[in-house]
1. Quick check on this structure: which one of A:VAL68, A:VAL122, A:VAL141 is free of Cβ contacts under 8 Å to residues at least 40 places away in the same chain and either assigned to a loop (DSSP other than H, G, I, E, B) or of a type outside the set (Ser, Thr, Tyr) (or both)?
2. Considering B:ALA79, B:ALA90, B:ALA145, which residue is within 14 Å of chain A (Cβ to nearest Cβ) and either open to solvent by 20 Å² or more (accessible area, probe 1.4 Å) or closer than 20 Å to B:GLU52 by Cβ (or both)?
3. What's the number of the only condition in (1) under 23 Å from A:ALA137 (Cβ atoms); (2) within 18 Å of the chain's Cα centre (by Cα) that B:ASP34 fails to meet?
4. State all residues of the stretch A:46-56 that are closer than 14 Å to A:TYR140 by Cβ and either of a type in the set (A, V, I, L, M) or open to solvent by 10 Å² or more (accessible area, probe 1.4 Å) (or both); if no residue qualifies, say none.
5. Out of everything in the stretch A:1-44 that is away from chain B (no Cβ under 13 Å), in contact with a helix residue (DSSP H, G or I) (Cβ under 8 Å, 6 or more places away or on another chain) and not charged (D, E, K, R), what residue ends up being surrounded by the most Cβ atoms within 10 Å (Cβ to Cβ)?
6. For the stretch A:127-153, name all the residues that are within 13 Å of the chain's Cα centre (by Cα) and charged (D, E, K, R).
Number of protein chains: 2
Amino acid sequence: MNTQGIVSKGDFLKNWQGHRTLTRRTIEKFPEQDLFNFSIGGMRPFSDMVKEILSIAVPGLESIVTNVIEKYNHDLPLATKAELLERWDADTVKINELFEQISIDRFQENFKIFGEYEFPIVENIQYFIDNEVHHRAQGYVYLRALGIEPPFFWERY
Amino acid sequence: MNTQGIVSKGDFLKNWQGHRTLTRRTIEKFPEQDLFNFSIGGMRPFSDMVKEILSIAVPGLESIVTNVIEKYNHDLPLATKAELLERWDADTVKINELFEQISIDRFQENFKIFGEYEFPIVENIQYFIDNEVHHRAQGYVYLRALGIEPPFFWERY
């Protein structure tokens, strides 16, 4: 694996943090009320999707780094846009620190993340990223339905 | 790079094709009329997003493999769900064949995809995948708004 990889550890993290920057911009675009209340087709408001993303990233990495499997809890006590963004920024730093602690050799190791899904660690973390891209895109539709232009998809810096 | 990679060429392709399987399931869930006409907030119908995805994947890989830069054309002559799915399946095979032809060493090579975005080839292709996840998720919101349950996010097989 290590001799055939096409994505380095640093580039993998850079891609994730780039997506997180874009998700942060998406949160910022929401009016406070709509962030917590607007929804389409019985789906969750975007704030709940953001809480899901937050409850996966750092807790998931902590679990991997410490090798202790824990259930996730999506019900975070974050009740305002400012609180969501504050946690977002605190987690940006934690993600860098935790990710750094995963040795190259561990990424292919199977890990039963949150006690539910047993896959190689790199696939678990890719799933975190894909899940974030997925829910952020749903936030884009909410913004469009609210008449608000979402950020450009390439604004990852 | 090759000595530090955490994602192999084979796993990178497997992740992409897994996402493509899920996108195919998402297309299948749409009633024919809604696939081509339903939209929210002035966005495109899901069929147009699918055409965008199709017009990026194989043409992008062909461009990389042949080293000839071409503009993309999203306006594909696909007017029914059956035609979209037929092209989807044909492209599944082509993607495997074309991806295989990109040597490990080329993934870090800069390439100005579609004459617009100059990035390492692996980042170009990751962008194709992320763009697909993004638009598919918008299709999920359309389905929910139509009262249709989307496929499970982990149905990638």
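The values are calculated or read from the model by the stated rules, or taken from the named source; none is laboratory data. Every value quoted in this text rests on a predicted model; they were computed, and no experiment measured them. For neighbour counting, all protein chains shown are included, and Cβ atoms are generated from backbone atoms with ideal geometry for every residue, glycine included. Areas reflect the complete protein model, heavy atoms only, side chains present, ligands, DNA and RNA absent. Shrake-Rupley method; radii C 1.70, N 1.55, O 1.52, S 1.80 Å.
1. Numbers: A:VAL122 fails: free of Cβ contacts under 8 Å to residues at least 40 places away in the same chain; A:VAL141 fails: free of Cβ contacts under 8 Å to residues at least 40 places away in the same chain.
Residue meeting the stated conditions: A:VAL68.
2. Details: B:ALA79 fails: within 14 Å of chain A (Cβ to nearest Cβ); B:ALA90 fails: within 14 Å of chain A (Cβ to nearest Cβ).
Only one candidate qualifies: B:ALA145.
3. Among (1) under 23 Å from A:ALA137 (Cβ atoms); (2) within 18 Å of the chain's Cα centre (by Cα), the lone unmet condition for B:ASP34 is (2).
4. Quick first cut of the stretch A:46-56, residues closer than 14 Å to A:TYR140 by Cβ only: A:46, A:49-50.
Across the stretch A:46-56, the qualifying residues are A:MET49, A:VAL50.
5. The qualifying residue surrounded by the most Cβ atoms within 10 Å (Cβ to Cβ) is A:PHE30.
6. At the first step, the residues of the stretch A:127-153 found to be within 13 Å of the chain's Cα centre (by Cα) are A:127-137.
Once the filter is applied, which keeps residues that are within 13 Å of the chain's Cα centre (by Cα) and charged (D, E, K, R), the stretch A:127-153 yields A:ASP130, A:GLU132, A:ARG136.
Yes/no matrix, rows are residues, columns are (1) at the interface with chain B (Cβ under 9 Å from one of its Cβ atoms); (2) open to solvent by less than 80 Å² (accessible area, probe 1.4 Å):
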position	(1), (2)
A:LYS71	no, no
A:HIS74	no, yes
A:GLU83	no, yes
A:GLU100	no, no
A:ASP105	no, no
A:PHE119	no, no
A:ASP130	yes, yes
A:HIS135	yes, yes
A:PHE152	no, no
